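Beneath this line is the structure, given in structure tokens, with notes to follow.
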């Protein structure tokens, strides 16, 4: 399986309480894809595919609102599912106990890259 490096940006561009959206190459289904990059509770970056586990749609449904009001969880705007920031696991909603697809992050000289297929 061929992996592609996608540049996210400088590590210090990922800030607490914010979600960076990164365009990804189309997947096997030829649909546009995006990654969501954010900090976990430990301050380390995490990346997930912006696709709900209940239906194959972006979790923000185009609203660009990704976090619950308190900023503690990722939120699916269509179904109300809540996902933990640290591991993408759904803790409430129709995809309960399923996790968002995690994307691998590589850091080189203070710059973050995603490794995607």
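Miscellaneous remarks
- When residue 36 is tested against (1) farther than 22 Å from residue 9 by Cα; (2) assigned to a strand (DSSP E or B), just one condition goes unmet, and that condition is (1).
- Within the range 65-77, being touching a residue at least 12 places away in the same chain (Cβ under 8 Å) and either over 13 Å from residue 49 (Cβ atoms) or part of a loop (DSSP other than H, G, I, E, B) (or both) holds for 65, 66, 67, 68, 71, 72, 73, 75, 76, 77.
- Looking across the range 25-38 at every residue that is at pLDDT below 95 and closer than 26 Å to residue 97 by Cβ, the one that is surrounded by the most Cβ atoms within 10 Å (Cβ to Cβ) is identified as 33.
- Within the range 83-94, the residues that satisfy the criterion of being assigned to a loop (DSSP other than H, G, I, E, B) and either closer than 13 Å to residue 36 by Cβ or at pLDDT below 90 (or both) are 85, 88.
- Out of 84, 7, 15, 53, one residue alone is in contact (Cβ under 8 Å) with a residue 24 or more places away in the chain, over 16 Å from residue 117 (Cβ atoms) and surrounded by 12 or more Cβ atoms within 10 Å (Cβ to Cβ). It is 53.
- The condition of being in contact with a strand residue (DSSP E or B) (Cβ under 6 Å, 6 or more places away or on another chain) and part of a loop (DSSP other than H, G, I, E, B) holds for only one of 27, 43, 80, 62, that being 27.
- Unmet criterion (only one of (1) part of a loop (DSSP other than H, G, I, E, B); (2) touching a strand residue (DSSP E or B) at 6+ places or on another chain (Cβ under 7 Å); (3) over 20 Å from residue 15 (Cβ atoms)) for residue 115: (1)
The values are calculated or read from the model by the stated rules, or taken from the named source; none is laboratory data. All values derive from a computational prediction rather than experimental measurement. So basically every Cβ, Gly included, is an ideal-geometry build from the backbone, and we count neighbours across all protein chains shown.
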